[in-house]
Amino acid sequence: MTARVLVVIPAHNEQASLPATLAEVRAQAPTVDVLVVDDGSHDDTARVARALGATVVRHPVNLGVGGALQTGFRWACRHGYDIAVQLDADGQHDPRYLEALLAPVIAGRSDVSIGSRFVSSTGYRAPWNRRLGMLLFSGVVRLALGRPIYDTTSGFRAYNRKVIEVCQYDFPKDFPDAPLLIALARRGFRLEEVPVVMRERTAGRSFYTLGKQLYYPYKNLLASLMALIRKPI
Amino acid sequence: MFFLSRTQVITALGAVLLALYVLDLVRRRKLSEEYSLLWVMATVVIAVLGFSTPLLTWITHALGFLGESSTTFAFGLAFSLAMLLYHSLKQSRLTLENHALARELTLLRDEVETLRQAGSREPR
């Protein structure tokens, strides 16, 4: 029996980048289903995605990228999927790596696989503030778990059924990064990094605006600490 | 008005007006009884502290504040902080509930659309 895989794409005003992303997923992985979670867009995101054959669910208001993923996981659980993949709408994540990302989860070797830019040299260069943040949070994760996860901010991940059952009820609403990984590892899930190459976004705007860049380190440090000391629900 | 100081008159008027306004808000269903309790209590504290100078002086000495006005401000500030924290708590919970509702609405709408499409494809 082959695993039923759902690719969840959170999309907030992504009508420009969705067509290319959806076409690529279709071309690289024709057997997976695609769910676009329209996170309260003001543009034609939902219509564009539907026209391209994706299943679309629409938030009545904007809930943030974490909120959109949680909806996707809920949907995946209700529709009996074995694996959910989180993939950005903006074209950063190359669906050519889907197979490699899925492999450890399908084989049952790990519960979560993370598409990582830093496991092996992949030529990725981030701006200095982004790099500093990545360094800080991989340090935080290493401190919390006693082993490293190099790419904590990667939004290209695959989760098996056990994990999405948990995530459909308990998921960070804004930044599903380091605190999520700490919480999942503490629940006993096995995390694994898979080397991928990421690209620059092709269109649209990043979720991470200036205000969020200032709020991000505070929120994620606190949430990491809480993920470490609080009892999982 | 020979036995009341000007401060006492102003405080009394303020407290009565605030109390009336709060009660009127409850009457018009703009303010829930739950929240009104906090404000009515605040009104009572203002009235008592503002009116009874001996009590205010006694509290000031007991707590070691430098003057009666400091005591008034300290109480006011403490009340404001408590109120702000309480509202942050409420708001955090409302946010969670709000998100859960929005998510549920999203999934229900999806289910309705799916059912409707299935229904139109094969009419009974």
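Throughout, read-outs are computed from the coordinates displayed, never taken from laboratory work. Please read these numbers as outputs of a predicted model, since none were measured by experiment. Using ideal geometry, Cβ is built from the backbone for each residue, glycine included, and neighbour counts are taken over all protein chains shown.
Here are the numbers for this structure:
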| read-out | value |
| --- | --- |
| Likely footprinting exposure, A:Trp75, B:Trp58, B:Trp39, fewest C-beta neighbours within 10 Å first | B:Trp58, B:Trp39, A:Trp75 |
| Among beta bridges that DSSP assigns inside the protein assembly as shown, antiparallel share in %, nearest 5 | 30 |
| At least 18 Å along the helix axis (C-alpha) and Kyte average at least -0.5, DSSP helices within chain B | B:6-27, B:33-51, B:68-121 |
| Built amide H within the under 5 Å cut-off of A:Ser116, gap 5+ | A:Val194, A:Val196 |
| As computed over the range B:6-90, the Cα convex hull volume per residue (Å³) | 89 |
| Charged-residue dipole, Cβ positions (Lys, Arg, Asp, Glu), chain B about Cα centre, Debye nearest 20 | 280 |
| Cβ-based net charge around A:Tyr97, under 15 Å, with every Lys or Arg adding one and every Asp or Glu removing one | -3 |
| Selection from A:Ala54, A:Ala144, A:Gly40 lying farthest towards where the dipole of the range A:5-229 points positive, charges on Cβ | A:Ala144 |
| Per-residue Cβ neighbour rank within 10 angstrom, fewest leading, A:Phe171, A:Phe118, A:Phe73, B:Phe73 | B:Phe73, A:Phe118, A:Phe171, A:Phe73 |
| Length-normalised contact order for chain B - Cα pairs under 8 Å, 6+ apart - percent | 17 |
| Relative packing of A:222-229, A:126-133, which averages over residues the other C-beta atoms within 10 Å, highest first | A:222-229, A:126-133 |
| Only Lys, Arg (+1) and Asp, Glu (-1) charged, at Cβ; chain A dipole about Cα centre in debye | 620 |
| Residue-count net charge about A:Arg109 - beta-carbon cut-off 13 Å; Lys, Arg +1, Asp, Glu -1 | -2 |
| Whichever lysines have a C-alpha closer than 28 Å to that of A:Lys212, once near sequence neighbours (fewer than 8 apart) are set aside | A:Lys173, A:Lys231, B:Lys90 |
| Peptides A:66-72, A:18-24 ordered by average Cβ neighbours within 10 Å, highest first | A:66-72, A:18-24 |
| Stokes-Einstein D (µm²/s) once Rh is taken as the Kirkwood radius of chain A over alpha-carbon pairs, at 10 °C in 1.306 mPa s | 90 |
| Inter-label distance, nm, simple model (7 Å from Cα along the C-beta direction), B:Val26/A:Lys219 | 3.8 |
| Cβ crowding within 10 Å averaged over residues, with A:213-221, B:99-107, A:32-40, B:61-69 ranked highest first | A:32-40, B:99-107, A:213-221, B:61-69 |
| FRET efficiency, B:Leu115 to B:Phe65 (Cβ-Cβ, R0 51 Å, nearest 0.05) | 0.15 |
| For A:Gln92, distant residues with modelled amide H under 5 Å away | A:Thr202 |
| Calculated [θ] (222 nm, deg cm²/dmol) that DSSP helices of n ≥ 4 give over chain B, each run adding -39,500 (n - 2.57) | -30500 deg cm²/dmol |
| Mean ellipticity per residue at 222 nm, deg cm²/dmol - from DSSP H runs of n ≥ 4 across chain A, formula -39500 (n - 2.57) | -13000 deg cm²/dmol |
| Unit charges at the beta carbon, dipole of the protein assembly as shown: most positive-side option, A:Gly72, A:Thr153, A:Leu6 | A:Thr153 |
| The range A:141-160-the range B:43-116 distance, computed between alpha-carbon centres (Å) | 38 |
| Options B:Leu63, B:Phe73, B:Ala42, ranked by Cα towards positive dipole end of the range B:6-90, top entry (Cβ charges) | B:Ala42 |
| Cα-centre dipole for the range A:1-100 with unit charges at Cβ (Lys and Arg positive, Asp and Glu negative), debye to 20 | 380 |
| Local electrostatic count at B:Met41 - Lys and Arg +1, Asp and Glu -1, tallied over other residues with Cβ under 15 Å | -2 |
